[in-house]
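Asker: This is the structure I have questions about; it appears just below.
What follows draws every value from the coordinates through simple rules; no lab data is involved. Bear in mind that the values here come from a model prediction, so they are computed numbers and not experimental data. Here Cβ is always computed from backbone atoms with ideal geometry, including for glycine, and neighbour counts include all displayed protein chains.
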Amino acid sequence: DALKATKSLVKIASSLDISTAKAFQDFNALMPTLSQFGDRAIEVFGNLEAQARSTGVEVNKLAKFAEGLDTFQGAAKAAQQLNAMLNGTYISVTDLVHAEPHEKIDKIRDAFKRAGVEIDMTNRFHQKMAASITGLSIEDTRRLFGTDKDYKKVRDNLDTTATSAEDMMKKLENQSC
């Protein structure tokens with residue numbers, strides 16, 4: 001299992017065009033959170049790393065934000081504030097709390113789209129409110145909930161399958177870990 005996880009992390013790094021060392025560092029740092037997903041931890045990590053890669057927001061910050069939405073209290077507070085900001089009911093608390101980390105971000109980004117609101121075009125009050133919900137800076141929040149075109153492109157390249165031992169050795173030899 002450990003070898004398969006290693007091979008999958010090498011493949012994730014390659015498919016997202018990040019260094020193998022960064023993939024391992026990020027995965028190890030998030031392991032206390034990812035362990036709840038059991039044998040799906042690599043897949044969940046890959047999807048969250050794809051969000052980070054496409055937005056430029058650090059994966060640990062995204063994981064912390066998503067983890068805050070894992071309780072009904074956290075999800076309800078975020079959904080209530082975002083629905084008020086978007087002037088309608090665009091986010092379901094139940095859907096938000098039960099979604100996987102990357103899906104939570106997708107659901108919020110989708111709510112902006114369905115409301116016809118571009119976060120870059122909102123006033124500073126709304127941007128500050130959105131940032132307070134995420135716990136991120138205004139700039140990071142704008143990148144996170146802006147367009148999903150970059151994320152879809154990165155996500156389409158994501159590969160969480162295990163690489164071959166030969167390819168893994170070549171990849172590791174060509175990088176400074």
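Asker: Using the Cα centre of the stretch 1-135 as origin and beta-carbon charges of +1 (Lys, Arg) and -1 (Asp, Glu), tell me which of A131, Q51, T94 is placed farthest towards the positive end of the dipole.
Answerer: My answer, from the dipole projection, is A131.
Asker: Another question, then. How large is the dipole of the stretch 1-97 about the Cα centre if only Lys and Arg carry +1 and Asp and Glu carry -1, each at its Cβ, rounded to the nearest 20 debye?
Answerer: Numbers: 9 positive and 10 negative charges, 28 e Å.
Roughly 140 debye, rounded to the nearest 20.
Asker: Follow-up question, since we're still on this one. Starting from 0.36 nm per residue, how many nanometres of slack lie between I18 and H98 once their C-alpha separation is accounted for?
Answerer: So the chain would gain 25.9 nm between I18 and H98.
Asker: Show me, for the stretch 61-73, the HN-Hα J-couplings you get by feeding each phi into the Karplus relation (A = 6.51, B = -1.76, C = 1.60, θ = phi - 60°), rounded to Hz, glycine and proline as x.
Answerer: Taking θ as phi minus 60°, the curve returns 5, 5, 5, 5, 4, 4, 5, x, 9, 7, 9, 5, 5 Hz for the stretch 61-73.
Asker: Can I ask one more? From the Cα trace of the stretch 24-63, what convex hull volume per residue do you get, rounded to a whole Å³?
Answerer: Considering the Cα atoms of the stretch 24-63, their hull volume per residue is 55 Å³.
Asker: What FRET efficiency comes out for the pair Q25/E139, r = Cβ-Cβ distance, R0 = 25 Å, nearest 0.05?
Answerer: Here the calculated transfer efficiency is 0.60.
Asker: Go through the stretch 106-119 residue by residue and turn each phi into a ³J(HN,Hα) via Karplus (6.51, -1.76, 1.60, θ = phi - 60°); whole Hz please, and just put x for glycine and proline.
Answerer: In residue order, the calculated couplings are 4, 4, 5, 4, 5, 4, 4, 5, 5, 7, x, 10, 9, 4 Hz.
Asker: Among 84-94, 11-21, what's the highest-first ranking by average C-beta atoms within 10 angstrom per residue?
Answerer: Numbers: 84-94: 15.7, 11-21: 18.8.
The peptides rank, most packed first, as 11-21, 84-94.
Asker: Going from the alpha-carbon gyration tensor of the stretch 21-122, what semi-axes, largest first and in whole Å, does one get by taking the root of 5 times each eigenvalue?
Answerer: One finds semi-axes of 26, 16, 10 Å for the stretch 21-122.
Asker: Work out how much length A5 to M129 would gain on full extension: take 0.36 nm times their residue separation and subtract the Cα-Cα distance, in nm to one decimal. Before the final figure, lay out the partial values.
Answerer: Numbers: separation 124, 0.36 × 124 = 44.64 nm, distance 3.86 nm.
Gain on stretching A5 to M129: 40.8 nm.
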